[in-house]
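See below for the structure under consideration.
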Amino acid sequence: MKKAKLLLPLVLLAAIFLTACANPATPTADPTQPSLPSTSETAETARTTESTTSTRENVITAVTRETVTETTEPSSSAPEKVQITVDYATDEILSNYDSLSEFIESEEISQKIIFTTNVRVKKISFIKVVYEEKNGEFAFFDNGELHSLEDFSPEKPFLVSWMDFGAIPHRGISFVDENDMTRYFYLATSGEDGSLILTEFHNE
């Protein structure tokens, strides 16, 4: 009977020992250690990143192509204003040109004058000018064409031999300007230095 009582505790200890060996303790996760992503999560993240990068590259490519294909429309600039000047035809001035257009109105006691332009002119005419006195003022009119050029350019001035008489203008020019409008000017002499000047008038 005493032997049975002694064996019972030994059997219990052996049973406890075998149970402990059959169920090892599961290690507890350390909350301070970062959790590592699984293989499937890593692959999904890589695919998302690749898709985002590809989308950005496509957007950049589209913007670049659009920029390249843009064309700047040419700006329409206004035609340059016609400016015609007149001067005495000295040898120094004439030596600057290879060719001239010439009109001789009078060979007796004539005076040579030269007209130049800054741009090409469709038409220029050497005209007669008459006047009327109205209310104490002179009104000038075109009284007929003496000679005309259909093409007047800066490279080829207009040389005229004419006779100047009296203080009242009797000759002038007309030309078609940059706006296809015909303008009229009479020839006069400056009272300050005797130079030739062109004064515009309205041919009414």
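Where a number appears in this text, it was derived from the coordinates with a stated rule and is not lab data. No experiment lies behind these values; they were computed from the predicted model shown. Heads up, the Cβs are rebuilt from the backbone with ideal geometry, glycines too, and the neighbour counts pull from every protein chain shown.
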Filter segment 183-200 down to the residues that are free of Cβ contacts under 8 Å to residues at least 40 places away in the same chain and not charged (D, E, K, R) and list them by number. ALA188, THR189, SER190, GLY191, GLY194, THR199
Restricting to segment 105-152, what's the tally of residues that are in contact with a Leu (Cβ under 9 Å, 6 or more places away or on another chain), among the β-branched types (Val, Ile, Thr) and closer than 16 Å to LEU187 by Cβ? 5
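Return the total of residues in segment 99-146 being in a loop (DSSP other than H, G, I, E, B) and either farther than 16 Å from ASP87 by Cα or over 43 Å from the mean Cα position of the chain (by Cα) (or both).
First, the residues of segment 99-146 that are in a loop (DSSP other than H, G, I, E, B): 99-100, 105-110, 118-120, 122-123, 135-136.
Adding the requirement that they be either farther than 16 Å from ASP87 by Cα or over 43 Å from the mean Cα position of the chain (by Cα) (or both) leaves 99, 105-110, 119-120, 122-123, 135-136.
The number of residues fulfilling the criteria is 13.
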Reported set for segment 149-166 where residues are assigned to a loop (DSSP other than H, G, I, E, B) and either free of Cβ contacts under 8 Å to residues at least 12 places away in the same chain or hydroxyl-bearing (Ser, Thr, Tyr) (or both) is PHE165, GLY166
